Amino acid sequence: MKKCFLNVKQCKFPKLSSKINNYYTFKKINHRICKNCNLIFHYPINKSSYKKIYNKDYYQSNYTENSKLYHQRKLQYNLDKKEFIQFYKDDHKKKILDYGCGNGEFILKFKSKKYGFEINENIKKNKKINYLDLKNIQKNKFDGIIMRGVIEHIPNFAIIVRKLIKTLKKNGLFFITATPCSNNLSFFLNKEKFRLNDPGHIYHFNNINLSLFFLRYSLYNIYTSFPYHQTPYKNFEKDYKNQKLLLNNFYNKKINNLKKSMPSVGNMMTLIFKKI
């Protein structure tokens, strides 16, 4: 992606300018910020890094029974589905695409005809899912499209999402969930140690700039939430103590000893867009 994803003419994304500044460094990865829309992004944007990250080791550490994160994610799947079906009328006659479907466990929770795309070649494919490449995705029309913890990983996300939007039927829903949000207290207090800084998280969006982007292509934001209090990741007392430490260090301009900030309201966001 070599131009502003909101198509703001005076924006020189991703180059340094009066509106785009260097912001902070995490694990030797430079992050820049756009003052127009508050998009935070890696610079340089490595278009091939995801091929190294999403390999066999990634799959085994995130999608096997030995992974604590995997068990937490399985619980979260139920909560994510509950949010989506408030608006998506799940039906056997409908078609739903999970772009970045991982092991397929999330999309398998739906009744609709299931289509999946996954870049990690080490996944165990499920016979109930029709796996498509991007070319064949574009030959279909879907009632719902899911990106669960995905959009922040895609180097050329604006190009990919535009192509996906074209496959979405009128009144269809685009579901984004489990995506980090930069508009939260933990990030504000210590962006360098934000829990969701990660070599694979090329972008830190927020609900506003993502909604602006989708609005450009006639998708209206009908629902926004910041799941935390019901999630399996919460630990109110521990999270409070660590956030309080961040606050004290922020006031006193001290470097904190935390490896990462703790989960909190706003860390993760869920957005549902309707194609008008």
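For the range 161-175, a residue qualifies if it is more than 17 Å from L212 (Cβ to Cβ) and free of Cβ contacts under 8 Å to residues at least 60 places away in the same chain, and the qualifying residues are K163, K166.
For F41, the test of being more than 22 Å from D98 (Cα to Cα), within 17 Å of the chain's Cα centre (by Cα) and assigned to a loop (DSSP other than H, G, I, E, B) is failed.
Rundown of residues vs (1) surrounded by 14 or more Cβ atoms within 10 Å (Cβ to Cβ); (2) assigned to a loop (DSSP other than H, G, I, E, B); (3) more than 15 Å from the chain's Cα centre (by Cα); (4) modelled with pLDDT under 95, yes/no style:
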{"site": "I208", "(1), (2), (3), (4)": "yes, no, no, no"}
{"site": "L215", "(1), (2), (3), (4)": "yes, no, yes, no"}
{"site": "N221", "(1), (2), (3), (4)": "yes, no, yes, no"}
{"site": "H229", "(1), (2), (3), (4)": "no, yes, yes, yes"}
{"site": "K234", "(1), (2), (3), (4)": "yes, yes, yes, yes"}
{"site": "N242", "(1), (2), (3), (4)": "yes, no, yes, yes"}
{"site": "L258", "(1), (2), (3), (4)": "yes, yes, yes, yes"}
{"site": "M262", "(1), (2), (3), (4)": "yes, yes, yes, yes"}
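In the range 1-19, of all residues being more than 20 Å from I159 (Cβ to Cβ) and of a type outside the set (K, R), the one that is surrounded by the most Cβ atoms within 10 Å (Cβ to Cβ) corresponds to S17. With respect to the conditions (1) crowded, with 23+ Cβ neighbours inside 10 Å; (2) among the charged types (D, E, K, R); (3) free of Cβ contacts under 8 Å to residues at least 60 places away in the same chain, R148 lacks only one, and its number is (3). Would it be correct to say that N183 is part of a loop (DSSP other than H, G, I, E, B), in contact (Cβ under 8 Å) with a residue 12 or more places away in the chain and surrounded by fewer than 23 Cβ atoms within 10 Å (Cβ to Cβ)? Against the criterion (part of a loop (DSSP other than H, G, I, E, B), in contact (Cβ under 8 Å) with a residue 12 or more places away in the chain and surrounded by fewer than 23 Cβ atoms within 10 Å (Cβ to Cβ)), N183 qualifies.
Scanning the range 68-118 for residues being touching a helix residue (DSSP H, G or I) at 6+ places or on another chain (Cβ under 7 Å) and in a loop (DSSP other than H, G, I, E, B) gives a total of 3. Look at the range 127-138: where a residue is modelled with pLDDT of 95 or more and a partner is assigned to a loop (DSSP other than H, G, I, E, B) and surrounded by 12 or more Cβ atoms within 10 Å (Cβ to Cβ), sitting 6+ places away or on another chain with Cβ atoms under 8 Å, you get K128/G104; I129/C101; I129/G104; Y131/E118; Y131/K125; L132/N140; I137/T167; Q138/T167. The set of residues from the range 93-143 being polar (S, T, N, Q) and either more than 20 Å from I53 (Cβ to Cβ) or buried (at least 18 other Cβ atoms within 10 Å of the Cβ) (or both) comprises N103, S112, N120, N126, N130, N136, Q138, N140.
Among the candidates L210, L245, L215, L219, the residue that is closer than 29 Å to N156 by Cβ and either without any contact (Cβ under 8 Å) to a residue 40 or more places away in the chain or acidic (D, E) (or both) is uniquely L215. Restricting to the range 80-96, name every residue that is under 16 Å from the mean Cα position of the chain (by Cα) and not acidic (D, E). Matches in the range 80-96: K81, F84.
A residue that is among the β-branched types (V, I, T), touching a strand residue (DSSP E or B) at 6+ places or on another chain (Cβ under 6 Å) and farther than 24 Å from Q138 by Cα can be found somewhere in the range 40-59.
The values are calculated or read from the model by the stated rules, or taken from the named source; none is laboratory data. Values in this document were obtained by computation on a predicted structure and should not be read as measured data. A quick note on method: Cβ atoms are made from the backbone with ideal geometry, for glycine too, and the neighbour counts reach across all protein chains shown.
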